[in-house]
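The values are calculated or read from the model by the stated rules, or taken from the named source; none is laboratory data. As the structure is a prediction and not an experimental result, all values here were calculated from the model. All Cβ positions, glycine included, derive from the backbone under ideal geometry; neighbour counts span all protein chains shown.
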Amino acid sequence: MTILLADLPDGVAATVARVWANGTLLDEHQLRRLGELGFLPGEPVQVLQRGPGGREPLAVVVGDTMFALRLAEARCIAVARC
C-alpha cells in the first residue's frame, strides 16, 4: 500500500514508490528536479520534522541527504512504508 509523502508520519521509514504530477500540482520541470535530487523509486525516505503547526516546510531525508520540501512537492511523491 502506498501513501503520499505528505501523509507519512514523522520518523516512519519508507521507500519512494513513484513520483508523478498528481493532477496539476507540479510541472514537468519540477518533477524532473525531484528525481535529480534523489526522489527515485526504491530510495529510502523519511520525514524528520514539519514546519510550525505541522505545516511547511517538511524536513525530509532521501538516501543520505536532507531536503526541505513544500507540501505540493510531498503530495507528488508516493511512498511505501518499510
Residue by residue through the range 10-30, note down the ones that are modelled with pLDDT of 95 or more and among the hydroxyl-bearing types (S, T, Y).
T15
Say we look at the range 7-63 and pick out the residues that are surrounded by 15 or more Cβ atoms within 10 Å (Cβ to Cβ), of a type outside the set (S, T, Y) and touching a residue at least 60 places away in the same chain (Cβ under 8 Å); which of these is farthest from V79 (Cα to Cα)?
L8
Being assigned to a strand (DSSP E or B) and either in contact with a Cys (Cβ under 8 Å, 6 or more places away or on another chain) or among the charged types (D, E, K, R) (or both), is that true of even one residue in the range 21-37?
no
Exactly one of (1) at pLDDT below 95; (2) surrounded by fewer than 17 Cβ atoms within 10 Å (Cβ to Cβ) is unmet by M66. Its number?
(1)
Can you spot a residue in the range 31-54 that is at pLDDT below 95 and among the acidic types (D, E)?
no
